[in-house]
Amino acid sequence: MSSDARIARHYWLPIPEASGRGGVRHAFPGARWLGTPSETAVCGIETPMAEPSEVDWICFPTCPECHQILKDRHSTRGR
């Protein structure tokens, strides 16, 4: 796998809100979460990391900022 492909790879993970009410699925650089206690999402938010539940995956919406940033990166890379 090329270094460009590794850099371009991202994974999504549901992150609960600190209040315990809801959360958001954020994108993070890399192939998968490696168990680190915190990470910086594509949108720039530093988040604490934890193993999500199945309900988190279903109920938490996708971060619109992470989604837009990755869409923009993908569209400029193909030019």
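The values are calculated or read from the model by the stated rules, or taken from the named source; none is laboratory data. Treat the numbers as computed from the prediction; the structure is a model and nothing was measured. Note that each Cβ is placed from the backbone with ideal geometry, even for glycine, and that neighbours are counted across all protein chains shown.
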Quiz prompt | Residue among Thr47, Thr40, Thr36 that alone is among the hydroxyl-bearing types (Ser, Thr, Tyr) and farther than 21 Å from Leu70 by Cα | solution = Thr36
Practice problem: Among the numbered conditions (1) of a type outside the set (D, E, K, R); (2) farther than 17 Å from Arg9 by Cβ; (3) over 14 Å from the mean Cα position of the chain (by Cα), tell me where Thr62 comes up short. | Solution: (3)
Quiz item: When Thr40 is evaluated against the numbered criteria (1) surrounded by 10 or more Cβ atoms within 10 Å (Cβ to Cβ); (2) at pLDDT 95 or above; (3) over 12 Å from the mean Cα position of the chain (by Cα), which criterion, by number, is the only one it fails?
Solution: (3)
Exercise. May I ask you to list pairs of residues, at least six apart or on different chains, whose Cβ atoms are under 6 Å apart, with the first in segment 49-75 being within 18 Å of Gly20 (Cβ to Cβ) and the second being of a type outside the set (Asp, Glu) and surrounded by 11 or more Cβ atoms within 10 Å (Cβ to Cβ)?
Key: Pro52/Pro14; Asp56/Pro14; Trp57/Pro14; Phe60/Pro14; Phe60/Gly23; Phe60/Val24; Phe60/Arg25
